[in-house]
Amino acid sequence: MRRVDGAARQMSLRTRMVLSGAVAVVSAAAVTSVFIGLAIRAEMIDNADEVGEVRAEQVADLAQRGILPRQIDRADDLEAAVQVVQRGMVLSSTANASDPGFFDLPTQRPGADRVYGLGQLPIDDQGPFRVTALGARTPHGDVTVLVAVDVGDVDDVLATLASKGVIGVSVLVAIFAFVLWLVVGRTMRSVEAIRRRAELITAQRLNQRVPEPPTRDEIHRLARTLNDMLARLEASAKQQERFVADAAHELRTPLATLRTRLETALLRGDDEAGSQLLEELWGETVRLGSLVDHLLLLARSDAGTLRAHARPVDLDDVLGDVLSSTQAGGVALRTQGVEPVQVTGDAALLEQVLRNLVENAVRHAVSTVDVSLSSEGGTAVLTVDDDGPGIPESERAEVFQRFVRLDHSRDRKQGGVGLGLAIVAEIVRVHSGSVDASTSPAGGARLTVRLPIADCEQPDVPGDPRLLGTADPVAR
């Protein structure tokens, strides 16, 4: 059995499919032939029994009328022998059945109407035979009429049908296997072309695509699915490359600054330089730590482990804390209506969203930042407006991507590293919300966040700490 399995595994898929199809056809033909043969045999046996029954009734009628001859002539070629017996004595018969022991039956009880199957009779007919026994009442007493019908032709007919059926099935299987071989071969050519192209695709050649056959079948859908997957892998690989390159660039700058300041302080060696160095190092360290925290949060989002605890959060209270702790410098922070709104999520992450939006607006505003919070149906709507240069319409989708900074925010003293809005987009996404950019009434940028409002009847269910793991520090 193991050798057979091994040989089957070594066969090509085309060969296995053709062999499987041929075996299926042969099996179906064999089963069908058996049922047809059994049906034909049953029909021929029924016809023979009917012949025997009709002939027995005819002979019984003669006996009942008292005109039964001593010797009965055979009325049909199928009729092998006829015998009329009474208490073991033969009253009448065909010429070949005058012997009382001619029919070696288990019983010849008068009046017993039944059909027997016999293999042989002491006559020249080959058999087998079907014997019909019919009881009759005559003026001289009860008699039994026995009629033997030769059914040997049944097996001959079935044998002939079987031999011709084997030939027909063999021709049918050969034609079927040939057609199936051609059809499978044509199909497998498309699969082989896909395989050869897929073999050439590597991490450095993700721009390659597998050929799509013109037929709108399963192979075409498979090729289309593979190409869609390759497109997603290519986009992901490019995004990862950009992310790594930008992350390396952003980390290199503060490290280079720290190294330069340390070298300068070592060369000067005075207390005033040391005090100034500590202040500068503190600022660069804070900036570097914030960048690392942002990168960790985005990495958790990419890994699918960034989840929101299912807890009610009073978004208006979180917004008040953010506004009171934000250092706005010379920019006026104003609220244009803050309604009590409760959402479901993670308070720390939602605070990060509000802080990033407000600090981003303060960073780009000229004099004023307006913040509002309201509810529209079942949605909490937060808007943050500034009177700065705004965001061009062509770049409004890009500002939520990682390490994207507009031209007017390239200065590191004014702009960030380009991760704040990307983090906002990721946190809002895990809270089943949305964020978009538009133009504020003051001519600057308007950033709008929409979050589903919490169900008032929903209980305060603590979040599973395994969803977020230990609370990572989030950049403020």
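Condition (residue is closer than 19 Å to I427 by Cα and open to solvent by 50 Å² or more (accessible area, probe 1.4 Å)) applied to the stretch 335-343: is it met by at least one residue? Yes, that holds for at least one residue. Only one of L180, L222, L161 is within 30 Å of A30 (Cα to Cα), modelled with pLDDT of 85 or more and open to solvent by 60 Å² or more (accessible area, probe 1.4 Å). Can you tell me which? The unique qualifying residue is L161.
When the residues of the stretch 90-135 are filtered to those that are aliphatic (A, V, I, L, M) and either open to solvent by 50 Å² or more (accessible area, probe 1.4 Å) or out of contact with any strand residue (DSSP E or B) (no Cβ under 9 Å at 6 or more places or on another chain) (or both), the one that is modelled with the lowest pLDDT is V115.
Quick check: anything in the stretch 147-162 part of a helix (DSSP H, G or I) and over 19 Å from A48 (Cβ atoms)? Checking the stretch 147-162: at least one residue is part of a helix (DSSP H, G or I) and over 19 Å from A48 (Cβ atoms). If we scan the stretch 423-435, do we find a residue that is modelled with pLDDT of 70 or more and either more than 30 Å from P312 (Cβ to Cβ) or in a strand (DSSP E or B) (or both)? Checked the stretch 423-435: at least one residue is modelled with pLDDT of 70 or more and either more than 30 Å from P312 (Cβ to Cβ) or in a strand (DSSP E or B) (or both). Against the conditions (1) out of contact with any Lys or Arg (no Cβ under 6 Å at 6 or more places or on another chain); (2) over 30 Å from I40 (Cα atoms); (3) in contact (Cβ under 8 Å) with a residue 40 or more places away in the chain, V191 satisfies every one except (3).
The values are calculated or read from the model by the stated rules, or taken from the named source; none is laboratory data. Nothing here was measured: the structure is a model prediction, and the numbers come from that model. Counting neighbours? That spans all protein chains shown, and the Cβs are built from the backbone with ideal geometry, glycine included. Please note that ligands, DNA and RNA were not included when accessible areas were found on the heavy atoms of the full protein model with its side chains. Shrake-Rupley method; radii C 1.70, N 1.55, O 1.52, S 1.80 Å.
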